[in-house]
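Only one structure is covered here, and it is reproduced in the block below.
The values are calculated or read from the model by the stated rules, or taken from the named source; none is laboratory data. Values in this document were obtained by computation on a predicted structure and should not be read as measured data. Because the Cβ atoms are built from the backbone with ideal geometry, glycine has one as well, and the counts that use them run over all protein chains shown.
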Amino acid sequence: MSNAIKTVPSYRYTHTQSFKPSETKLKQQDEKQFECALNRYHYLCAAIQKSYHMQDVPPDLSRGQLFPRQGLVFASYTPAKLQPVAGIKLHPRQDGTIHPGDIKVYRDTFRNSWKAREGGILYCIEEDERAFWNMILNYHSSAATTGIKVWDRLFKQLKDSNYDKALVPCMFFAREAGCLYPECPFLHDRDACIRDREKVLMARRVALGRPTTRDISLRERRQLQAHRAAQRQVVLSNPSGGEQESIESRLGALTTRDDFWDEDEDEELDPEVARIFGERATIRNICCNPDCLNVQLKKNARTDSDQQMKMKICTRCKVATYCSKECQVSDWKRHKKEPCLPFEEIVENDDLWDSFGQRKGTGDPRFVFSE
């Protein structure tokens, strides 16, 4: 079997024109594709036309909604019957705008999602309903923008063309199975999709060349734990006036502080803790062995003792780095399950990446989000 990497998967960017008599399952799938895309197209039209009204939605434990939320009802949209969008947090300000900081977060959510890039705006409508509909509220406010210029231009084009479906990117064309509906009326722009896909792949290549958040966070936590243990030892070896109560109170202050921040907001962060967190920006490479985590610093941050630290790289994946052969051998059992694959296979394999452009399993373990 050839080890060559295909730049474009076999059915991506294809529009099926016909089916063989034996391909009945694909025929059924193509109808589901079109029904899904058409339904979302109508939600898009309702959004642009502002054919909706907001309503409050009480808590609903059956859906896991613990607090009051808002919903949207589309009774005024007549071309199709749309189900209400319920239980999302809509937060317009008094003037109807959404806070610019929130708009930026929502914009980056879609921009950094490879799934959103492949599926286009029709995919985004249900990928993150809270983000999409808050952006729509902002579009209909005095701000007059969704926060994504491409969307703003598309909305104008749709208004001017009486909502021509051929202007809206097909949400399946750039995905691995391609568009299966022969009469699909949506846009199939192969060149634009390939350019967008290459942006996603390039971002992944850049991400693979950086130390992972997982390893850096683990290193920081160990340094902080060691610093706290040293502080405790100082307290134990230097009692104030020999009073046991004083020792216990000072130890209690150490163990109750959250992330080494004192309750007094005006008090500066412990210098050693500041150094530990500040080191993150100076790390060039980190030993991927969780029992080691030695670092190679960037040139402008090195001292004389750091200059001799050279990292070895896994010859198969060209991603994992180690400070010694012993660390590489020790970590192989864990590393091969990541998995360890040729570099471009890792880049191309969507299953290895989350929606935010981060390789699965390499984020901060304290902040894990389900797909």
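Please enumerate the residues belonging to region 75-99 that are among the aromatic types (Phe, Trp, Tyr) and at pLDDT below 95. It would help to see each step written out before you state the result.
Initial filter on region 75-99 (among the aromatic types (Phe, Trp, Tyr)): 77.
Selection gives nothing.
I'd like to check something: does region 324-333 contain any residue that is of a type in the set (A, V, I, L, M, F, W, C), more than 18 Å from Thr213 (Cα to Cα) and either touching a His at 6+ places or on another chain (Cβ under 8 Å) or crowded, with 19+ Cβ neighbours inside 10 Å (or both)?
Scanning region 324-333 turns up at least one residue that is of a type in the set (A, V, I, L, M, F, W, C), more than 18 Å from Thr213 (Cα to Cα) and either touching a His at 6+ places or on another chain (Cβ under 8 Å) or crowded, with 19+ Cβ neighbours inside 10 Å (or both).
Among residues belonging to region 111-147 that are in a loop (DSSP other than H, G, I, E, B) and among the hydroxyl-bearing types (Ser, Thr, Tyr), point out the one that is nearest to the chain's Cα centre (by Cα).
Looking at the filtered set, the residue picked out is Ser113.
Residues in region 179-191: is at least one under 20 Å from the mean Cα position of the chain (by Cα) and hydrophobic (A, V, I, L, M, F, W, C)?
Let us first name the residues in region 179-191 that are under 20 Å from the mean Cα position of the chain (by Cα), namely none.
Within region 179-191, not a single residue is under 20 Å from the mean Cα position of the chain (by Cα) and hydrophobic (A, V, I, L, M, F, W, C).
Conditions (1) touching a strand residue (DSSP E or B) at 6+ places or on another chain (Cβ under 9 Å); (2) under 22 Å from Met54 (Cα atoms), marked per residue:
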| site | (1), (2) |
| --- | --- |
| Phe110 | no, no |
| Gly120 | yes, no |
| Arg130 | yes, yes |
| Tyr139 | no, yes |
| Gly147 | no, yes |
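Would you pick out the residues in region 89-115 that are surrounded by 20 or more Cβ atoms within 10 Å (Cβ to Cβ) and under 23 Å from Arg190 (Cα atoms)? Reasoning before the result, please.
First pass over region 89-115, keeping only residues surrounded by 20 or more Cβ atoms within 10 Å (Cβ to Cβ): 98, 103, 106, 110, 113-114.
Those that are surrounded by 20 or more Cβ atoms within 10 Å (Cβ to Cβ) and under 23 Å from Arg190 (Cα atoms): Phe110, Ser113, Trp114.
Specify the residue that is surrounded by the fewest Cβ atoms within 10 Å (Cβ to Cβ); the eligible residues are those in region 123-163 that are closer than 29 Å to His15 by Cβ and in contact with a Leu (Cβ under 7 Å, 6 or more places away or on another chain).
It comes out as Ser161.
Here are Glu338, Glu326, Glu272, Glu279: which of them is in a helix (DSSP H, G or I) and under 28 Å from the mean Cα position of the chain (by Cα)?
Of Glu338, Glu326, Glu272, Glu279, the one residue that is in a helix (DSSP H, G or I) and under 28 Å from the mean Cα position of the chain (by Cα) is Glu279.
Going by the structure shown, is Ala166 over 26 Å from the mean Cα position of the chain (by Cα), of a type in the set (A, V, I, L, M, F, W, C) and either modelled with pLDDT of 90 or more or surrounded by 13 or more Cβ atoms within 10 Å (Cβ to Cβ) (or both)?
Working: over 26 Å from the mean Cα position of the chain (by Cα): yes; of a type in the set (A, V, I, L, M, F, W, C): yes; either modelled with pLDDT of 90 or more or surrounded by 13 or more Cβ atoms within 10 Å (Cβ to Cβ) (or both): yes.
Yes, satisfied.
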